[in-house]
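Enquirer: First the structure, which I've put down as C-alpha cells, then a few questions once you've had a look.
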Amino acid sequence: MTKEALRLHGVRKVHGTGENQVVALDGVTLSLSAGTFTAVMGPSGSGKSTLLQVAAGLDRPTSGEVFVDGREMTGGETELTRFRRDRVGFVFQQFNLIPTVDVLANVLLPAKLAGRRPDTARAEEMLGRVGLGDRLRHYPHELSGGQQQRVAIARALVTSPAVLFADEPTGALDTRSARDVLALLQEAVRVHGQTLVMVTHDPVAAARADAVVFLADGRIVGRMISPTVDAVAERLAHLGDDLVRG
Ligand SMILES: Nc1ncnc2c1ncn2[C@@H]1O[C@H](COP(=O)(O)OP(=O)(O)OP(=O)(O)O)[C@@H](O)[C@H]1O
C-alpha cells in the first residue's frame, strides 16, 4: 500500500471579514501518495496559492483538516511552526533567500531556526546536488535567478520534508533556468522519492507531474493522470465551460 503524504479534508478558507470576505477554498478534499509529483493549475484567483499555504501550514484553514505524513496540522502558533519545520518544505516564486548571508548559511538556516545543530555536510551535499557545490560562499546577489532558486530548493530539501510545496517556482525565470529548476524538482521525486506539490500556470511544467489537479472558484474541478502538454492546455482552456455548466 502506498503511504499517504498529504490529505486535505473539507478544507475551506475564507479571507477577510464582513463585506470583504472572499471564499478562496470552498471544500477541498485531496489525498496524495508519498513519492508523487502533483501540479496544481487553475485560473488566476482560483485558490491555488491559498491551497498551498494552507496545506503547508503557512496559513490556517477556516474549517476542515490538513494531514501531513499522517499527522494532523493543529495547535497553536508554536506547534504549527514546529510542524512546518519538521515536515514541510516550501519554494516560492521569488526565492526568498536571506540577502545578507552566503549560500551555505542560507541552506543551514532552517536547522538553526529550529534550534538544531546545523549539519554542514548535509547542506553542502544538497548544494552539490543542485549544482552549486562551488558557490557555497557566494551571496544571493552574486547568483542568477535560476541559481538562487536552486539554493532555495536545497534549503527546502535539507530537512528531508515529507512534502515539498512549490508556488510557481519557475515563474520568475527565463526558459532555460526554468527547465533546469523543473528538472531538479523532478529528480527530487523520481530519484529521491520526494513528494512534491507545485502550482504552475505553464502546461509544459505541469506535464512533468504525475497528475494535475485543476482548481476553479476554490474547488477541485478536475484531475488528470499522466498529463501531456496538449491535454493540460486543452483542459485549462475549457475550465470556464465546466463552471458555466455547473
Ligand atoms: N490575504 C488575503 N486577503 C484577502 N483575500 C485574499 C488573500 N489572499 C488571497 N485572497 C483572495 O482569495 C482568492 C484566491 O487567491 P489565490 O492567491 O489563492 O489564487 P491563485 O489561484 O493563486 O491566483 P494567482 O494565479 O493569480 O496567483 C482570490 O480571490 C484572492 O483575491
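The values are calculated or read from the model by the stated rules, or taken from the named source; none is laboratory data. On a predicted model such as this, the values are computed, not experimentally measured, just so you know. We place every Cβ from the backbone using ideal geometry, glycine too, and count neighbours over all the protein chains shown.
Enquirer: Which residue, of V22, V28, is among the β-branched types (V, I, T) and within 21 Å of K3 (Cα to Cα)?
Expert: Only one candidate passes the filter, namely V28.
Enquirer: From the residues in region 26-52 that are closer than 21 Å to A216 by Cβ, more than 12 Å from the ligand (Cβ to nearest atom) and not small (G, A, S), which one is surrounded by the fewest Cβ atoms within 10 Å (Cβ to Cβ)?
Expert: Residue satisfying both the conditions and the ranking: T29.
Residue by residue, here is whether (1) more than 16 Å from the ligand (Cβ to nearest atom); (2) surrounded by 13 or more Cβ atoms within 10 Å (Cβ to Cβ); (3) in contact (Cβ under 8 Å) with a residue 12 or more places away in the chain holds:
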{"residue": "V11", "(1), (2), (3)": "no, yes, yes"}
{"residue": "T17", "(1), (2), (3)": "no, no, no"}
{"residue": "A24", "(1), (2), (3)": "no, yes, yes"}
{"residue": "V54", "(1), (2), (3)": "no, yes, yes"}
{"residue": "F92", "(1), (2), (3)": "no, yes, yes"}
{"residue": "I98", "(1), (2), (3)": "yes, no, yes"}
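Enquirer: Before we move on, is D174 more than 16 Å from the ligand (Cβ to nearest atom), of a type in the set (D, E) and either surrounded by fewer than 21 Cβ atoms within 10 Å (Cβ to Cβ) or on the phi > 0 side of the Ramachandran plot (or both)?
Expert: For D174, the condition - more than 16 Å from the ligand (Cβ to nearest atom), of a type in the set (D, E) and either surrounded by fewer than 21 Cβ atoms within 10 Å (Cβ to Cβ) or on the phi > 0 side of the Ramachandran plot (or both) - is met.
Enquirer: Looking only at region 164-177, how many residues end up being out of contact with any helix residue (DSSP H, G or I) (no Cβ under 7 Å at 6 or more places or on another chain) and either assigned to a loop (DSSP other than H, G, I, E, B) or modelled with pLDDT of 95 or more (or both)?
Expert: 3
Enquirer: On to the next question. Show the residue pairs meeting these rules: Cβ distance below 7 Å; 6+ apart or different chains; first residue within region 173-197 and over 20 Å from S160 (Cβ atoms); second residue surrounded by 17 or more Cβ atoms within 10 Å (Cβ to Cβ) and of a type in the set (D, E, K, R).
Expert: Qualifying pairs under 7 Å: L182/R208.
Enquirer: Could I ask something else about it? Kindly indicate whether A209 is crowded, with 24+ Cβ neighbours inside 10 Å, of a type in the set (G, A, S), within 20 Å of G42 (Cβ to Cβ) and away from the ligand (no atom under 14 Å from the Cβ).
Expert: It is true that A209 is crowded, with 24+ Cβ neighbours inside 10 Å, of a type in the set (G, A, S), within 20 Å of G42 (Cβ to Cβ) and away from the ligand (no atom under 14 Å from the Cβ).
Enquirer: Of all strands (runs of 3 or more DSSP E) completely enclosed by region 190-229, which ones contain at least 2 residues that are over 19 Å from D180 (Cα atoms)?
Expert: Answer list for region 190-229: 211-216, 219-225.
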